[in-house]
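Engineer: Okay, handing you the structure first.
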Amino acid sequence: MATNISRLTSLLLGTSLAATMASANGGELEKVMKARGLTENDVIHAAKTYTPSGGRDEFMIFSSGGQSGQIMVYGVPSMKILKYIGVFTPEPWQGYGYDEESKKVLREGNIRGREINWGDTHHPAISETNGVYDGKWLAINDKANPRIAILDLNDFETKQIVVNPVFKSDHGGAFFTPNSEYILEASQYAAPFDNNYHPIEEYKETYRGGITFWKFNDKIGRINQKKSFVLELPPYMQDLSDAGKGASNGWGFTNSFNSEMYTGGIEVGMPPFEAGCSRNDTDFLHVYNWKKLATLTKNKKNYKVINGIKVIPMSVAVANNALFLIPEPKSPHGVDVSPDGEYIVVCGKLDTHASVYKWSKIQKLIKDHKYAGKDPYGIPILSMKDSLHGQVELGLGPLHNQYGKHWKDGEIYTSLYVDSQIVKWDYKHLKVLDKVNVHYNVGHLCGMEGKSADPQGKYIISLNKLAIDRFDPVGPLHPQNHQLIDISGKKMDLLYDMAIPLGEPHQAVAIRMSKLHPEVRYKMGTNSRTGKISKGKTLAGQERVVRKGHNVTVYATLVRSHINPERVTVNKGDIVTFYLTNLERAEDETHGFTVDNYDVHASLEPGKTASVKFKADLEGVFPYYCTEFCSALHLEMMGYLMVKDPNKKYVSAQKLKMKTMSKAELKAEYDKTVAVNTATDAVIQSVVKFLKANHYEKYPTVKALVVDALDQYGKIPAQKKLSDKAVKAGDLEKAVLFENMIWQYMVKTADVGIRAKNLLVKKVATKQSAAAAAGERAFGEGGCGGCHVIGKVSSGPDLTGVLQRHENAEKWVRNFILNPKSKYHDPYVEGMINYFNLRMPNQHMTKEEVNNIVEYFKWVDENANLF
Ligand code: CUK
Ligand code: CUA
């Protein structure tokens, strides 16, 4: 491994591959490249993206999950998928839609009383402070059922869904204003705002587009629907939006693609929508002052209330100089405001140009009331020519834009759908700089914080619609393809293809990893969907079953490795609620819970309380169990729900006669169990002594493990008491069971304690040289650990002190590893072979690896006291 890295480094430094190969010993890399048909470039790309075990990424990507109604989270540059988050769709792993707390969130998304269990997610957005991503909240739209969802980036869970009461579809959302005051959501397919039928012939009069301004409270991360409002717009089919920032803060921009107000009608012999909607050479960029509009909602005369939400009529917005139109090339798609808010770049799908509008020019036209005309609804139109900074021919089908780190010099990237390319160009000096081919038909592209006030550069991800020949076939429905492109050099460099197996992600947003600080546990008893303490919070000792008429409520706890209670009996027809509290504090100790056949599931991360509820309408015996492999005794983490029919008489079964243990046998088993516990405890005490002597409390990660271990250990005295009580009562059978329980707690303590010890050794030992670290890796990966355990005699001798055992020991050890056979007749080795009944095998290590292993042995000897 180490040698490969040094070779790769020289590769990256530009040494020719052949020369490197020749000088490298072993030629392992060359062999792999040959076998896998990799080029030098492939290997460089691999080195730029490969993230070794335990390695972390620089950016986190939140990608819409398209028709899955979810959000997908992955890292850059590794492109490792980290999580799928249920948003508009039930997601069983997280219990989303299967426990009561999350169902409440999902059901907030009901439309006119109807349950909707899918969504078409397009545009995720991260909350902003001064136009810069702050890593606190995430919003995303559902185009199919006009809704916005809010996720908390503390725990990556969906917390709120709001339904747009007047739109019938929404596409141009979600976009935060620069201090997350509002989330913009533009409609798409125009429709009547009320819920009544209106004939299509009255399209111009009764169908409407609009923009909803969702008031966002960034302290609690929730939309306040009462303080939100809608701006009525003509039925032009509003498309994407963006909030102004910097110079244009307070304003918003929204595209449209049907200024023709065409209404289709293939079935009555009319040309289809696609023909009618693209007849005009231009459509309209909507420009509106949201700050002004927000103040208008303070006065009742400025709005109407439709379906419970305030709607500002166009005429009111126009009268208050808050709404304008500017022609833009036909059928535009993306509108993207520059980091300083001075430029607004619009790309038209059917126009080969990008149009760069200049805010100062627009502002001047508005100030001077210089209008080129009015649209049929009386909205002032600003001259396109006078608003433009300029236009650049980019290629076929430009869609979306992202800014680069050098945006001040004009660096911008645009996706070309038809050409299947990403183009790098200069929006200030209006020239094309570079193009790279992608595979194929790119929609959005995702820069690193590329649409914030502070773009980070480095990478662009191309979100391709088609994958065609890029991946192994999986039937007619292909995955989508996210391609990672290195933009740090002068030329763009395509690094990696990542198959997306979830849905069609339209947009993704990237944020620097260091801005995110997610929690590892909840405060004990938290309902994660509300952030408040659950009324079902149950601590150890409070477990109980409460019956009120037909309602049975079980207050249960989960902790390695049991669910308490373990038996619950109810009557057929009872409404059963299980409140479940995970008592763990240890990181990553999640338990799951399900009752077989009842379609419920909860994921209980440490500290969480969630509940499942169902009508026990099936008679019978239903196991319930923990669904996460949480511990060695996970399979035992179960119980029974027994549902009996109160109107039935059950005949009791004949009891089987089984041989029971004699008193003497029981006593012997009891003594044996106690002895095992005493011995196990001695091991634990030695670990504790080591931890204390080496001041574990100084290292937070070690300390957290020790706290968890002691937590388990602390449960032993109570069990011991019960055991002793059983002995006194003469019930040795029960006493053995309690002693076994003590042993379980000891095993859990030791499990975590030893992990803590290993971690602590690394912290207090002298620092490993690079060579010693490489040696430890080689030792591990070379399989040496199969026979040798440092500090212990295992199936081979302990290697602590191996460098003291022989004359000229370093050389001796080196030769022995490289050619063990040569020393089989050395009297010392012969003795070892006889003792262990094993011969040291030849592991075919390179000289460099062996040198490193010797360095590792030196490090072991320096720290021999720790093993
Ligand atoms: S949209 Cu799909 S490629 Cu919904 Cu932002 Cu442009
Ligand atoms: Cu808890 Cu498995």
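The values are calculated or read from the model by the stated rules, or taken from the named source; none is laboratory data. This one's a predicted model, so the numbers in the text were calculated from it and none came from an experiment. In this analysis, Cβ positions are derived from the backbone assuming ideal geometry, glycine residues included, and neighbour counts consider all displayed protein chains. Calculation scope for accessible area: heavy atoms of the full protein, side chains included, ligands and nucleic acids excluded. Shrake-Rupley method; radii C 1.70, N 1.55, O 1.52, S 1.80 Å.
Engineer: In the set Lys330, Lys310, Lys291, which member is open to solvent by 60 Å² or more (accessible area, probe 1.4 Å) and not aromatic (Phe, Trp, Tyr)?
Structural biologist: Answer to the selection: Lys291.
Engineer: Does Lys428 satisfy being away from ligand 1 (no atom under 16 Å from the Cβ), open to solvent by 10 Å² or more (accessible area, probe 1.4 Å), in contact (Cβ under 8 Å) with a residue 40 or more places away in the chain and outside any loop (DSSP other than H, G, I, E, B)?
Structural biologist: Against the criterion (away from ligand 1 (no atom under 16 Å from the Cβ), open to solvent by 10 Å² or more (accessible area, probe 1.4 Å), in contact (Cβ under 8 Å) with a residue 40 or more places away in the chain and outside any loop (DSSP other than H, G, I, E, B)), Lys428 does not qualify.
Engineer: Are any of the residues in segment 835-842 part of a loop (DSSP other than H, G, I, E, B) and under 24 Å from Gly27 (Cα atoms)?
Structural biologist: yes
Engineer: Something else about it: Would you mention how many residues in segment 613-634 are farther than 20 Å from Lys644 by Cα and open to solvent by less than 70 Å² (accessible area, probe 1.4 Å)?
Structural biologist: Count: 7.
Engineer: Still on this structure, please answer the following. It is to be established whether one or more residues within segment 95-103 are among the aromatic types (Phe, Trp, Tyr) and touching a Pro at 6+ places or on another chain (Cβ under 8 Å).
Structural biologist: yes
Engineer: On to the next question. Which ones in segment 119-137 are within 16 Å of ligand 1 (Cβ to nearest atom) and of a type outside the set (Val, Ile, Thr)?
Structural biologist: Gly119, Asp120, His122, His123, Pro124, Ala125
Engineer: Continuing with this model, one more query. Residues Pro339, Pro376: which one is assigned to a loop (DSSP other than H, G, I, E, B), closer than 24 Å to Gly210 by Cβ and away from ligand 1 (no atom under 16 Å from the Cβ)?
Structural biologist: Just one listed residue meets the conditions, Pro376.
Engineer: Please work out if Thr263 is at pLDDT below 95 and of a type in the set (S, T, N, Q).
Structural biologist: For Thr263, the condition - at pLDDT below 95 and of a type in the set (S, T, N, Q) - is met.
Engineer: With respect to Tyr357, is the statement that it is under 30 Å from Tyr459 (Cβ atoms) and not in a strand (DSSP E or B) true?
Structural biologist: Against the criterion (under 30 Å from Tyr459 (Cβ atoms) and not in a strand (DSSP E or B)), Tyr357 does not qualify.
Engineer: Now for a separate question. Here is a list: Tyr207, Tyr197, Tyr189. Which entry is in contact with a Gly (Cβ under 9 Å, 6 or more places away or on another chain), surrounded by fewer than 23 Cβ atoms within 10 Å (Cβ to Cβ), of a type in the set (Ser, Thr, Tyr) and modelled with pLDDT of 95 or more?
Structural biologist: Tyr189
Engineer: Would you point out which residue out of Ser603, Ser662 is within 24 Å of the chain's Cα centre (by Cα), away from ligand 1 (no atom under 16 Å from the Cβ), open to solvent by less than 60 Å² (accessible area, probe 1.4 Å) and farther than 17 Å from Tyr745 by Cα?
Structural biologist: Ser603
Engineer: So which residues in segment 529-559 are open to solvent by 10 Å² or more (accessible area, probe 1.4 Å), assigned to a loop (DSSP other than H, G, I, E, B) and within 24 Å of Met638 (Cβ to Cβ)?
Structural biologist: Ser534, Lys537, Leu539, Ala540, Gly541, Gln542, Glu543
Engineer: What are the residues in segment 440-453 that are over 23 Å from the mean Cα position of the chain (by Cα) and more than 16 Å from ligand 1 (Cβ to nearest atom), if any?
Structural biologist: Result: Ala453, single match.
Engineer: Step by step: first the residues of segment 573-593, then only those that are part of a loop (DSSP other than H, G, I, E, B) and at pLDDT 95 or above, then the one that is farthest from ligand 2 (Cβ to nearest atom). Which residue is that?
Structural biologist: Gly573
Engineer: Select from segment 789-828 the residues that are assigned to a helix (DSSP H, G or I) and either within 45 Å of the chain's Cα centre (by Cα) or aliphatic (A, V, I, L, M) (or both) and list them in ascending order.
Structural biologist: Val802, Leu803, Ala809, Val813, Ile817, Leu818
Engineer: Also, quick follow-up: Of all residues in segment 709-724, which are surrounded by 18 or more Cβ atoms within 10 Å (Cβ to Cβ) and more than 19 Å from Gly541 (Cα to Cα)?
Structural biologist: Selection gives Ala709 alone.
Engineer: Only residues that are open to solvent by 60 Å² or more (accessible area, probe 1.4 Å), part of a helix (DSSP H, G or I) and either without any contact (Cβ under 8 Å) to a residue 60 or more places away in the chain or touching a Leu at 6+ places or on another chain (Cβ under 6 Å) (or both): list them for segment 725-757, please.
Structural biologist: Lys725, Lys728, Lys734, Leu737, Arg755
Engineer: Mind counting the residues in segment 380-413 that are more than 30 Å from Val438 (Cβ to Cβ) and either within 16 Å of ligand 1 (Cβ to nearest atom) or crowded, with 21+ Cβ neighbours inside 10 Å (or both)?
Structural biologist: Count: 2.
Engineer: Considering only residues that are in contact (Cβ under 8 Å) with a residue 24 or more places away in the chain, of a type in the set (S, T, N, Q) and open to solvent by 50 Å² or more (accessible area, probe 1.4 Å), which ones fall in segment 210-227?
Structural biologist: Selection gives Gln225 alone.
Engineer: Checking the structure you have, find out if any residue of segment 283-291 is assigned to a loop (DSSP other than H, G, I, E, B) and within 41 Å of the chain's Cα centre (by Cα).
Structural biologist: no
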